[in-house]
Amino acid sequence: MVSIEPLRYFAENLAGPQWEVSTFVPQGFSPEEFTPAISQMVDLSQACCLFEIGGLGVETTWLKDATRNRKDLYVCDTSQGIASDSFDPHTWTTPANALIICRNITQTLITLDKDNTAHYTARLKKMEQLIDSTDKAISSLTEKLPSRAFVIAHPALSSFARQYNLQQIAIENEGKEPTPQSIKQLISQARAEKVKVVFVQQEFSENSALVIARETGAEVVTINPLSYHWPEQLLFIAKTLKYGTTKTDS
C-alpha cells in the first residue's frame, strides 16, 4: 500500500506487475483531512508493506494508529534522506526528490524480495532516466519566464520552486485561511512580482485565489500535485508558468 497516488506511480513502475499496489488516499481527497472508508482499512490490513511520504496528515494520524501494532508490516518512509521542510511535506513535487524517493522504494523492494534484485535495479534505472528527462524539460521551460513568481492556494510546490529558482507565494499560511489584511498584502506582492498565474487545487477553497487573480489580472489554473501522472503534472505546471494555458498541451 502507498499513502498517495504519486507514490503508486513510482511503486508500480519500480515493482512491476508481480506486485499489487493500492492507495490509501484516493484521487480527489486531501491527505490532510481524509477519513478512510472500510475498504481502505481492509486493504491496509492485507498489505505486507506501506510506502509513506512522511509528514502528511493522514500518515501521522490514521496510518500511524492503524499500523502501530502491525509487526508484520514493513513501513518505508520514502522521503528519508530528503531535507526536512516543516511547512510543506510535498517532497515528490520535484525531480531531485523523486530520485531519492524511487531509490528508497527500490531498496525496500530488494529487502523484501532479494531474489529479484536485478529486476528492481533495472526498473530503477529506467525510472531514473525518465526523471532525468523530466528535469531537463522543466529546466528548459523555466529558464526564462514572464515572471519567476506564482501564487498558489495551498503551499504544495515549495520543493519545485526551490529546485527551479522560483518564488512560491502561498495564500494559506501554516494551514490557516487568509485574513482580509493578508489578502491585501498578497495582492500587492503579486503585483510587484508581476505574477501571471494563480494555481488552485480541487481539494482546497478557490475563493481567495479568485480574488487575487481578479485584482492582479493573473490567470487561475487548476493543478493536481496529488495526480498519479507524476511527470505529466510537473510538466504541465512548468508549461503553464512559461506560456499560460495556451500551449500546455503541446
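What the table shows:
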item: Student exercise, the chain dipole from Lys, Arg, Asp, Glu Cβ charges, in Debye to nearest 20; result: 760 debye
item: Overall dimensions of the stretch 109-174 as given by Cα atoms, namely Rg and Dmax in Å; result: 17.6, 51
item: Exposure rule at most 12 other beta-carbon atoms within 10 Å, DSSP loop trypsin sites (Lys or Arg not before Pro): the chain longest free segment; result: 145-246
item: Intensity falloff of the stretch 184-237 expressed as log10 I(q)/I(0), Debye formula with alpha-carbon point scatterers, at q = 0.20 Å⁻¹; result: -0.73
item: Net +/- balance of residues flanking residue 47 in space, Cβ distance below 11 Å, scoring K and R +1, D and E -1; result: -2
item: Residue with peak Gaussian network fluctuation, the chain [Cα springs, cutoff 10 Å], from 107, 185, 168; result: 185
item: Gap separating the Cα centres of the stretch 188-230 and the stretch 4-62, nearest whole Å; result: 27 Å
item: Residue 117 versus residue 182: modelled label distance in nm, points set 7 Å from Cα along the beta carbon direction; result: 5.0 nm
item: For the chain: accessible area per residue (Å², 1.4 Å); result: 49 Å²
item: With at most 12 other Cβ atoms within 10 Å, longest stretch of the chain clear of loop GluC sites (Glu not before Pro) (DSSP); result: 34-142
item: Gain upon complete extension [residue 210, residue 72; 0.36 nm per residue less C-alpha separation]; result: 44.9 nm
item: Among the listed pairs 144/196; 136/196; 176/196; 196/239; 196/242, those beyond 19 Å (Cα-Cα); result: 136/196; 176/196
item: Those chymotrypsin sites (Phe, Trp or Tyr not before Pro) in the stretch 84-169 that DSSP places in a loop and that have at most 14 other beta carbons within 10 Å; result: 87
item: Among 124, 225, 146 - extreme Cα towards positive end, dipole of the chain, charges at beta-carbon; result: 146
item: Long-range tail of P(r) for the stretch 78-218 (Cα pairs > 20 Å, %); result: 56 percent
item: Cα centre as origin, Lys/Arg/Asp/Glu Cβ charges: the stretch 63-193 dipole, Debye; result: 120 debye
item: Whole-percent carbon and sulfur share, accessible surface of the chain, 1.4 Å; result: 50 percent
item: Helix-only mean residue ellipticity at 222 nm for the chain, each DSSP H run of n ≥ 4 adding -39500 (n - 2.57), per residue, nearest 500; result: -14500 deg cm²/dmol
item: DSSP beta bridge pairing in the stretch 43-177, given as percent antiparallel to the nearest 5; result: 10 percent
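The values are calculated or read from the model by the stated rules, or taken from the named source; none is laboratory data. Quantities reported herein were computed from a predicted structural model and do not represent experimental measurements. Using ideal geometry, Cβ is built from the backbone for each residue, glycine included, and neighbour counts are taken over all protein chains shown. Only protein heavy atoms, including side chains, enter the accessible area calculation; ligands, DNA and RNA are left aside. Shrake-Rupley method; radii C 1.70, N 1.55, O 1.52, S 1.80 Å.
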